[in-house]
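A short write-up of the structure that comes next.
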Amino acid sequence: MTGGSPPDGGALPPRWRLRRQLGFWGTASLCVGGMAPTLAMSVTGVQPARLIGRAAPLAYVLAAVGIALVGYAFVRLTAQFAHAGSVYAYIGRTLGPRAGFFAAWALMCTYVVFPPVSVLGMAVFSQAFVVHSGIADSVDWLPLGLVAWALTGALAYRGIRLTAGSIIVVEIVSLALIAALVVVIFVKLGVGSAPGDASLNADFLSLPPGAGFSAVALAATFGFLSYGGFESAMSVGEESHQPTRAIPWSIVAAVAFGGVFYGVCITAQTLGFGTDEEGIERFASSGAPLGDLGRAYVGSAMAYLLDLAAVLSALGAGLAGVAVASRTIFALARDGLLPGRLAAVSPRQGTPGPAVLASMALTLVLLLAFGLGSTRAIDAFFYLATIGVLSLLVLYILTSVSALKLLFTKTGRVGLWEYPLPLAGIAVAGYVLYRNLVPVPAHPFNLFPYIVGGWLLLGAVLSYAVPAIAERVTRGLGLARGAPTIP
């Protein structure tokens, strides 16, 4: 394999050959599904409201700018390389084999926990639907989680085309419900029939007294996290028909969509609760802001449907997460860094079946550990999400460094305006990472940076202490020893 040329049928034996079956809409669905926009809007808006009140939408505007800067690196790299191992190959081919292995190690930390995070999200909102609709007064989340796990695994195993198609369907349904609520909120605000003292105004464009840019920047970190997974299509470089075109444009489309959707949705939530002190207090203390607004503006039935919309959104995120996790496992196994049996491809579905099963097995272990340990689903959701995000932020920084190296290697073929973009991406991701560490979060969240740091340190030590790792990455990625790693 050479840089910029993905593995193809002439270079790989059939047992290692993934099937090209995705067009632009398939890759774009993975990016949007990875973000889980409905699920994100169900849980992330409250914290910015607590920090900057009526100006919460400004935090999402700033987050959109930040994620665009980080996303530039992925656009640049996916336009150059296509590989099932995604950042493993991108970073390995720009910064060298040890850095490539470290990137894969960090990616595994994220995508071991992201699929169970999504399944837990399905369990949380399924549980909410059962209780809110009056089906039962209470229900244990673990049986619901196991059903969600089985559904996710069955769809993921059937192939990437079914995975992408399923994501498109569930996201269209869930986003349509959110859009309907947003329209109702704006209409009622416009005609003056909104509940309480809520009204259509432009107060959200101004900061409340005492709030400065630092407060907005801190609030923006929560908006930034709503985009986690926007890069999910990077792992289907060997299953897309035109990967170096479709995947970069899919990332651009997902970030652009997120900027519009999150901006409109958080504005509707802010105005829907009201921009006065009482309204902001209701928003900031809401455990389910979309459900509360659905109940207030439409009725209980809408609140129940929004619970189901969040379940569907979490399913889409789970499918995207399993796709990334399994392709990473597959690529590492193919290059001899994991057991070779995990690199097998199903001749019928064209999917890395053993790698999908490995990802689902790890998900099951984590679900059972939390379920049998009597941990609440919502707590387990945030525990694992925090671990995954911390590792992902490190990857965002490393990817931006890789893109910067790519630009310098291609001097004369890129515009001067591009060089500051990865530097800005490093600064943005670094700031968000810093804000996740300082001030020290409450227990047990104060332990998670040590868990992630220990995992990453182990990966760094292995990459230098075991020479065979660099040799296998060099061979697997087609890098000539001592030669430039970019074609």
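Sorting 65-72, 402-409 by their mean Cβ neighbour count within 10 Å, with the most densely packed peptide first, gives 65-72, 402-409.
Label zone (ASP203, point 7 Å along Cα-to-C-beta; backbone nitrogen cut-off 13 Å) within the stretch 27-71: 53-56. Relative contact order of the stretch 226-307, taken over Cα pairs closer than 8 Å and 6 or more residues apart, is 16 percent.
Shown in residue order for the stretch 59-71 are the 3J(HN,Hα) couplings computed by the Karplus curve 6.51 cos²θ - 1.76 cosθ + 1.60 at θ = phi - 60°: 5, 6, 5, 5, 5, 5, 5, x, 5, 5, 5, 5, x Hz (x for Gly and Pro). Of the labelled figures [x] 24.5; [y] 21.9; [z] 22.8, only one reflects Kirkwood radius over Cα pairs in Å as derived from the coordinates, namely [z]. Computed about its Cα centre, the charge dipole of the stretch 187-308 is approximately 240 debye, with only Lys, Arg, Asp and Glu carrying charge at their Cβ.
What does the accessible area per residue of the chain come to in Å², with a 1.4 Å probe and no ligands, DNA or RNA counted?
39 Å²
I want to make sure I understand the PRE zone here: with the label point 7 angstrom from the Cα of VAL183 toward its beta carbon, which residues in the stretch 272-307 have backbone N atoms less than 15 Å away? 298, by backbone N distance to the label point. So for the chain, taking the charge dipole from beta-carbon charges (+1 Lys/Arg, -1 Asp/Glu), which of PRO352, VAL394, GLY272 sits furthest toward the positive end? Checked the options; the winner is PRO352. When the Cα positions of LEU362, GLY33, VAL432 are compared along the charge dipole of the chain, LEU362 comes out farthest toward the positive end, with charges on each C-beta of Lys, Arg, Asp and Glu. Dipole check for the chain: with +1 at the C-beta of Lys and Arg, -1 at the C-beta of Asp and Glu, and the Cα centre as origin, the magnitude is about 1940 Debye. Couplings 3J(HN,Hα) of the stretch 87-101, computed from phi: 4, 4, 7, 4, 6, x, 7, 10, 9, x, x, 5, 5, x, 5 Hz, in residue order, whole Hz [Karplus 6.51 cos²θ - 1.76 cosθ + 1.60, θ = phi - 60°; x for Gly and Pro].
Overall, the accessible surface of the stretch 361-412 at a probe of 1.4 angstrom is composed of carbon and sulfur to the extent of 73 percent. Couplings 3J(HN,Hα) of the stretch 415-429, computed from phi: x, 4, 5, 6, 4, x, 5, x, 5, 5, x, 4, 5, 5, 4 Hz, in residue order, whole Hz [Karplus 6.51 cos²θ - 1.76 cosθ + 1.60, θ = phi - 60°; x for Gly and Pro].
To two decimal places, what compactness ratio does the stretch 263-311 give when its Cα radius of gyration is scaled by 2.2 N^0.38 Å? List each step's numbers first, then the result.
On the way: Rg = 10.7 Å, N = 49, 2.2 N^0.38 = 9.7 Å.
That works out to 1.11 for the stretch 263-311.
Which of ALA136, PHE213, SER235 sits farthest toward the positive end of the charge dipole of the stretch 135-238, with +1 on the Cβ of Lys and Arg and -1 on the Cβ of Asp and Glu? In the stretch 135-238, that residue is SER235. Evaluated with a Cβ-only charge set (Lys, Arg +1; Asp, Glu -1), the stretch 282-399 carries a dipole of roughly 220 debye about its Cα centre, given to the nearest 20.
The values are calculated or read from the model by the stated rules, or taken from the named source; none is laboratory data. Since we're looking at a predicted model, the values are computed, not measured. Cβ: placed from backbone, ideal geometry, glycine included. Neighbour counts: every protein chain shown. With ligands, DNA and RNA removed, areas are computed over all heavy atoms of the protein, side chains included. Shrake-Rupley method; radii C 1.70, N 1.55, O 1.52, S 1.80 Å.
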